[in-house]
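Peer 1: This is the structure, below, for whatever I ask next.
No value in this document is a laboratory result; all are computed from the given coordinates. All values derive from a computational prediction rather than experimental measurement. Counting neighbours? That spans all protein chains shown, and the Cβs are built from the backbone with ideal geometry, glycine included.
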Amino acid sequence: MEKENSGRLIILAGPSCVGKSPLAKALARFFPELSGTLQPLVLYNSRDRRPGERDGVDYHFRSRKKIDSFTSYDNYIMMEVRGDLQALDLNELSKALKQGNVFFEGNPFIGKLLLTHPSLSSVSKISVFMSPVTREEILNYRSDALKKPLPEFIKELMQGKLLRRTKKQKGELSGKDFEEIERRASSAYNELKLAYLYQNIIPNHDGEDSENWTDPGYPSGDAGSALNAFSAILRGEITPVVEKWDKELLDG
């Protein structure tokens, strides 16, 4: 990646349904002066579109065979995420960074790649991880030997959020929908284990399914706190809501 890029790469990652999408939408609504400086990073994705998603806006939706063919070119970074094949066009990213800041909102595995890939080592970055639990909650939970294992607790926590979100989107759920919920919830703990790589961790109990994002006026509860914290980070301000985790927090 060329070093004369003037923009920064803003990375917002977290488990599926933790609240990343409504946070990005709330930023655009209540802090347009910040959101307006962020160009979306659009990846290629082999999965089917969800209700409301748009090709070229949320992802470049292509067949797995098509995306797999990108391995013939040096400017693509390929990644398998929860069974979906995705790709990043480095040329497209470089061009966008010359125009200003670029915003990625999505999976922590891709966030890790953006943070650690050698081709992106010269790019200035701001990284934010949204977590459904706080550092203190993790420590308190692990101290109680009578409780179920933490990975199982995280899985069940995210299953509930994903189930409520999918019901809102589709109403009656199919067997395929339940399989997708199981797959995403099962991945959440391993995604949380990547949080230590991120500069800023924002705890948020109000997942994507929460009505606090859509309260009349400004978002309430943790949703509002997350929005305030994210906007402060983008302005270069310090906020007490933000946490920093050690790798050992979930490795131990």
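Peer 1: Mind giving me the FRET efficiency for Asp74 and Glu182? R0 is 35 Å, r the Cβ-Cβ distance, nearest 0.05 is fine.
Peer 2: Numbers: r = 37 Å, r/R0 = 1.04.
Efficiency computed from Cβ-Cβ geometry: 0.45.
Peer 1: To continue, here is another question. Which is the longest stretch in the chain that no exposed loop site breaks, taking sites as GluC sites (Glu not before Pro) with a DSSP loop state and at most 13 other Cβ atoms within 10 Å? It would help to have the intermediate numbers written out before the result.
Peer 2: On the way: sites that count: Glu2, Glu4, Glu53, Glu172, Glu237.
Free of exposed loop sites, the longest segment is 54-171.
Peer 1: Once you order the gyration tensor axes a ≥ b ≥ c over the Cα atoms, which shape class does the stretch 1-98 get: rounded for a/c under 1.5, otherwise prolate or oblate by comparing a/b with b/c?
Peer 2: Numbers: a/c = 2.17, a/b = 1.19, b/c = 1.82.
Oblate shape, in that a/c is at least 1.5 and b/c is the bigger or equal ratio.
Peer 1: Pairs to check: Lys66/Lys176; Lys147/Lys193; Lys170/Lys244; Lys125/Lys155; Lys125/Lys193. Give those whose C-alpha atoms are more than 28 Å from each other in this structure.
Peer 2: Values: Lys66/Lys176 23 Å; Lys147/Lys193 20 Å; Lys170/Lys244 36 Å; Lys125/Lys155 30 Å; Lys125/Lys193 20 Å.
Listed pairs above 28 Å: Lys170/Lys244; Lys125/Lys155.
Peer 1: Quick one: 3J(HN,Hα) in Hz for the stretch 76-86, Karplus 6.51/-1.76/1.60 with θ = phi - 60°, rounded, Gly and Pro as x.
Peer 2: 10, 9, 9, 7, 9, 10, 6, x, 9, 8, 10
Peer 1: If you take every DSSP beta bridge whose two residues both sit in the stretch 1-152, what share of them, in percent to the nearest 5, is antiparallel?
Peer 2: Working: 8 of 24 bridges.
Counting only bridges with both partners in the stretch 1-152, antiparallel ones make up about 35 percent.
Peer 1: Taking the Cα centre of the stretch 1-127 as origin, sum charge times position over the Cβ atoms of Lys and Arg (+1) and Asp and Glu (-1), and report the length of that vector in debye to the nearest 20. Please report the intermediate quantities before stating the final value.
Peer 2: Details: 18 positive and 14 negative charges, 54 e Å.
My answer is approximately 260 debye.
Peer 1: If amide hydrogens are placed 1.01 Å from N in the peptide plane, which non-local residues have theirs closer than 5 Å to the one on Val102?
Peer 2: Arg8, Leu9, Ile10, Gln39
Peer 1: As an exercise, identify the trypsin sites (Lys or Arg not before Pro) in the stretch 41-121 lying in DSSP coil whose Cβ has no more than 10 other Cβ atoms within 10 Å.
Peer 2: Values: sites: Arg47, Arg49, Arg54, Arg62, Arg64, Lys65, Lys66, Arg82, Lys95, Lys98, Lys112; in loops: Arg47, Arg49, Arg54, Arg62, Arg82, Lys98.
The qualifying sites are Arg54.
Peer 1: If you don't mind, another one. If a/c stays under 1.5 just call it rounded; otherwise compare a/b with b/c (prolate if a/b is bigger, oblate if not). Do that for the chain, with a ≥ b ≥ c from the square roots of the Cα gyration tensor eigenvalues. Please list the in-between numbers first.
Peer 2: Working: a/c = 1.39, a/b = 1.21, b/c = 1.15.
Note, shape of the chain comes out rounded.
Peer 1: While we're looking at this one, here's another question. Amide H of Val133: which non-local residues (sequence gap of 5 or more, or other chain) have their own amide H closer than 5 Å, using H built in the peptide plane?
Peer 2: Counting only residues 5 or more places away or on other chains, the set is Asn204.
Peer 1: Turning to a different aspect of this structure: Let's see if you can work this out: charge +1 on each Lys and Arg Cβ, -1 on each Asp and Glu Cβ, no other charges. What is the dipole magnitude of the chain about its Cα centre, in debye to the nearest 20?
Peer 2: On the way: 36 positive and 36 negative charges, 82 e Å.
It works out to roughly 400 debye.
Peer 1: What are the chymotrypsin sites (Phe, Trp or Tyr not before Pro) within the stretch 1-97 that DSSP puts in a loop, where the Cβ has at most 15 other Cβ atoms within 10 Å?
Peer 2: Details: sites: Phe30, Tyr44, Tyr59, Phe61, Phe70, Tyr73, Tyr76; in loops: Tyr73.
In loop regions of the stretch 1-97 (DSSP not H, G, I, E or B), the sparsely surrounded chymotrypsin sites (Phe, Trp or Tyr not before Pro) are Tyr73.
Peer 1: Now for a separate question. If the cut-off is 12 Å between C-alpha atoms, which aspartates and glutamates fall inside it for Lys20, apart from same-chain ones fewer than 8 positions away?
Peer 2: Glu105, Asp206, Glu208, Asp209
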